[in-house]
Every structure is written in structure tokens, then in C-alpha cells.
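Some notes on the structure that comes next.
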Amino acid sequence: MPALSSTVTIGVVGAGAMGAGIAQVAAQAGHAVRIFDMQPGAADKAIGGMTRALLRLAEKGKLSAADAAAIPARVRPAGSLSDMAGCGLVIEAIVERLDSKRSLFGELEGIVAPDCILATNTSSLSITAIAAGMQAPPRFVGMHFFNPAPLMALVEVVTGLATAAEVTAAIRDTARAWGKSPVVAQSTPGFIVNRVARPYYGEGLRLLHERAADPATIDAVMREAGGFRMGPFELMDLIGLDVNYAVSNSVYNAYFQDPRFKPSLIQQEMVAAGYLGRKSGRGFFAYGDSNRSAAPPAPAAEPARAFSGKVIARGALRLLGPLVERLRAAGVAIETLPAETGIGAGYLQVGDCVVLLTDGRTATAHAAQSNFANLVKLDLAFDYAKATRCAVARADQCFAAGFDNAVGLLQAGGLAVSRLDDAPALAVMRTVAMLANEAADAVHQGVCSAADCDTGMQKGVNYPRGPLAWADAIGIDTVVGVLDNLCAHYGEDRYRVSPLLRRKLAAGGSFHG
């Protein structure tokens, strides 16, 4: 079954923001669209909103006037569900309740033709469970758009146990014909994006719970070092803490309380207090009437310092190589020598202080194991050549002068330096390792392919790199080592390593090699 021809009429049930957006996407691809909502006038309101939005785009020169008029003209309100009779695809975007969706599709089956594909835009409910009450489950599939549908490229095409392969292929190819980036996922809790993204919030919340840093500092590190578009706390405020907490609970319970998905007490308290983020005027940050941050708190940064003593790059620097080149370009004289035993494979030495990339151990534990007091751990960066900030942790044994030397060296390269309390794996490395681990497990369990997982996370939540591509870039040995050290530090199954990562490490392979 190929992609649906643009001559096929598309039905949309639900005229809220998501339903209206899906209708616009289909109409932009040239389809006639019928949109229905139980609320009187809702479909007309959706079409009116679409028309105004398209006219604004035309006024800005982002769309021709002809298209701005033609697209909403293809969308017509349906007076009842029976008006869906001539559709070749009907997409549901109603309330997230299993009973409501089952009832709707049961009714639609008695209206549409036998070859009409029925799809749900659910973001959390089981495709298999919705289809269980249908007469013909093979024609039922998930078609999960991301909000706002006209702008977001990703569509998760989700298959239930009974979904026919040709239906999956048709919807995947139709989404691609509509200008989207489709990925295929099995019907498991959270599908791809809502499952794999859990550590982005969970590890940020754990760092806050352990008082490693404040929300503004963690956000700044994730943006300015990690390359993420938004930090976890500003993103939760944007989504709504109640929504994010509900999804976290849903995935946690759906996976039988797997500790990897355990929700945060902090988030629970925030929701109980009504601190829901932008929509309530207060979340992790305060917001004014304009729904923007009233006074964005400044992230913590170390005051300007100078460094003294010889700077030496020792051993196999690997990920720190671009940082060394950045420092040299800034005029720092750096000598290259072999590594000394007992500290690490590759590191920077400034005076009597050692600066090395976090491996998942705390700086304090690493210093004790190496018998080297002046030890400073450096967090991962997406690109040390372009990062504007880095995070560091100081071993408890480290003398103030040694730490000042490390900070001064990094500042000499133009980096703002944020000190975190001595948390294992710091912020970026911990989060990236956990994202890669969850992505690997999704692939290992047959939820999706490695390519679709990475596409989903880049297109769905704007990550700078897919988690598995990131694992390839920093080394699967690095990811596994960090996770093993986190697991040893906390003694929790939360940080257990995916069997697929272990296998890739043993084979010396990669996810995209």
C-alpha cells in the first residue's frame, strides 16, 4: 500500500490545537479535509484560526497569498461523524482517555469504508489496547504528531500487535509525503520520544535534589556546554510541570515501577503547590503576565581568576583534544607529555592541579583512589571548540589554590566556569549517558531502530545529536564506564547498563558504523 494520493479525503476528529494543526498539515499537502468536533462551532473556530495564522505567514512573506487562501479552503467542517464516510484516512485527536477513543473508533468502523485507515494521535495510550475493541484492528495505527503539528517535523508511526505492515508503511510514506520526518515505533509506553527523554528531566531533578546546583545553573550548563536548546527546568516550566509529572508517572507505572523512570519528589511537591510553570506564573522560575520569565536568575559562575605554572597535556586526550586546541588558540602554551600512572588516560595539568573529564566517579573518590589531592573533574561538552560554559567539580581534598588554577586555565580559553557540587558524572555527561542507555534499551527491546530513535530525539525534542550517535561520538566505552560508576556510587538499578551497550562494547562496534 503506497502513500495516500492527494486526491484522498482526510478526516480529523477533534478540533483543538492538535486536531486543527493536523488538518492544516493534510490540507497543505493538497488533501481535502473534513474536521469534526462534538463541541458546536469548534470546527469552524479551528478553520478560522488556521486562516488567520496562514494570512500572517503570507504577510511575512513565508507563504504565498494564493496558498494562504487555498489551504484553509480545502478544510470543511463536518456536521457529524457520518460525514467521514468518504475519507481514506481518519485521524483522531480527542481527549486522552482509552474509553473515549475506543468508543469513537467503534462508531467510525460502522461509517467508513473497509479500506479506510483509522489512526490515533495518542501520545501515551496503547495502540494495541485501543484497537482491541475494533472489528478490524489491522487497519488501526498510531500517527503521533508533535505540537504544533504544522511546525514540528516528527511523526511517530506506532504499530499495535495487530497493525498490518502495509498500513504502517502507507502511513509512514504518507507522513513523509506531507513533509514530515516519520519514525516507526512499536506500541510500548512512551513510544520513542516520551520514553527516551525521561532521563533529561530525571537526572536534572536528581542533581537539584542533591543540591549539586540550582535550576538556572543546570539549565545554563545543559544549553551552553551540552548544546541543548533548553535546559530541563525551563523546558518543564514550558511544558507544564503537571503534564511532565503525569507523563513521568504514566511511563513509570506502565513499566511496573522500573527505577529508571522513577518520578521526582521535588516535581511532586511543585505540582501539589500549584507551581506548574509558565501557565501558572510560577514553576522553577517566576513568570510575569506576558508569560515570560519575570527576572531570569543568573547561573552561578566562578569569578575571574588567573592561572600559574606550566600547563601540560598528558596522555590520550580523546574528547579533550578540541579543548586543548582552543586553549592554544587563546595563547596558552601547552606542553604534551605521556600520562602518569594512577590518575587517568588523558588529562590537563596546570601547576600541581589535574583537570580531567568526568568518568562517572566523584572528584573526591577519584582523588582518593589516585592519591592526588588537587583533582578537578570537567563535564562533557557537545563541542569544546564552541561551548561558552563548562561545569566542574572539585575534590574535597583539593586545595583552593589548585582549584583556582584549574578555573583560571579554563577561563583563559573564554569559558564561563560553573562549579557544581561533587556529583558523580556532573550534568551533561550524566544526562547523555542515561539518554544513550535508554535509547539503546529501546532498540534492544525492538521498539524502534537506532536510526529512528536518533531521528525521533532530534526532530521531536530538538536534541543537538541523537543519543546513540552521541554514544558513538564519545565512545561506547565511555558511556558504559560512566554508567557503571554511577551504579556503583548510588547502588541503584536505575543506572544499570543496557545489554545492547554491553554487546556493542564487547564487539567494538557502534550504532551508526
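The values are calculated or read from the model by the stated rules, or taken from the named source; none is laboratory data. No experiment lies behind these values; they were computed from the predicted model shown. Positions of Cβ are backbone-derived with ideal geometry, glycine not excepted, and every protein chain shown enters the neighbour counts.
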(message) Checking T163 against (1) closer than 19 Å to P467 by Cα; (2) in contact with a Phe, Trp or Tyr (Cβ under 9 Å, 6 or more places away or on another chain), only one condition comes out false. Which one?
(response) (1)
(message) Condition first: modelled with pLDDT of 95 or more and either under 21 Å from G16 (Cα atoms) or polar (S, T, N, Q) (or both). Now tell me which residues in segment 136-147 satisfy that.
(response) V141, G142, M143, H144, F145, F146
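Just to be sure I understand, how many residues within segment 471-513 are small (G, A, S), assigned to a loop (DSSP other than H, G, I, E, B) and either surrounded by fewer than 17 Cβ atoms within 10 Å (Cβ to Cβ) or free of Cβ contacts under 8 Å to residues at least 40 places away in the same chain (or both)? If you could, list the steps in order and put the result at the bottom.
Filtering segment 471-513 for residues small (G, A, S) gives 471, 473, 475, 481, 488, 491, 498, 506-510, 513.
If we keep only those that are assigned to a loop (DSSP other than H, G, I, E, B) too, we end up with 475, 491, 498, 508-510, 513.
After this cut, where a residue has to be either surrounded by fewer than 17 Cβ atoms within 10 Å (Cβ to Cβ) or free of Cβ contacts under 8 Å to residues at least 40 places away in the same chain (or both) as well, the list is 475, 491, 508-510, 513.
So the answer is 6.
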(request) Would you confirm whether any residue within segment 362-372 is over 16 Å from L320 (Cβ atoms) and touching a Pro at 6+ places or on another chain (Cβ under 6 Å)? (result) yes
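Just to check your reading of the model, which residue among I266, I218, I239 is touching a helix residue (DSSP H, G or I) at 6+ places or on another chain (Cβ under 7 Å), of a type in the set (V, I, T), over 27 Å from A385 (Cβ atoms) and not assigned by TED's automatic domain parsing to the domain that holds L125?
Residue meeting the stated conditions: I266.
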(message) Against the definition (in contact with a helix residue (DSSP H, G or I) (Cβ under 7 Å, 6 or more places away or on another chain) and more than 18 Å from A23 (Cα to Cα)), how does A78 come out, yes or no?
(response) no
(request) Could you please find all residues in segment 375-415 being assigned to a loop (DSSP other than H, G, I, E, B), touching a strand residue (DSSP E or B) at 6+ places or on another chain (Cβ under 9 Å) and closer than 24 Å to R211 by Cβ? (result) D379, L380, A381, A395, Q397, C398, F399, L415
(request) State whether one or more residues within segment 17-39 are more than 19 Å from W178 (Cα to Cα) and either in contact with a Phe, Trp or Tyr (Cβ under 7 Å, 6 or more places away or on another chain) or touching a residue at least 60 places away in the same chain (Cβ under 8 Å) (or both). (result) no
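Table: residues versus (1) among the small types (G, A, S); (2) over 20 Å from L125 (Cβ atoms).
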position	(1), (2)
V33	no, yes
K45	no, yes
K62	no, yes
A66	yes, yes
A70	yes, yes
A73	yes, yes
M84	no, yes
I91	no, no
K101	no, no
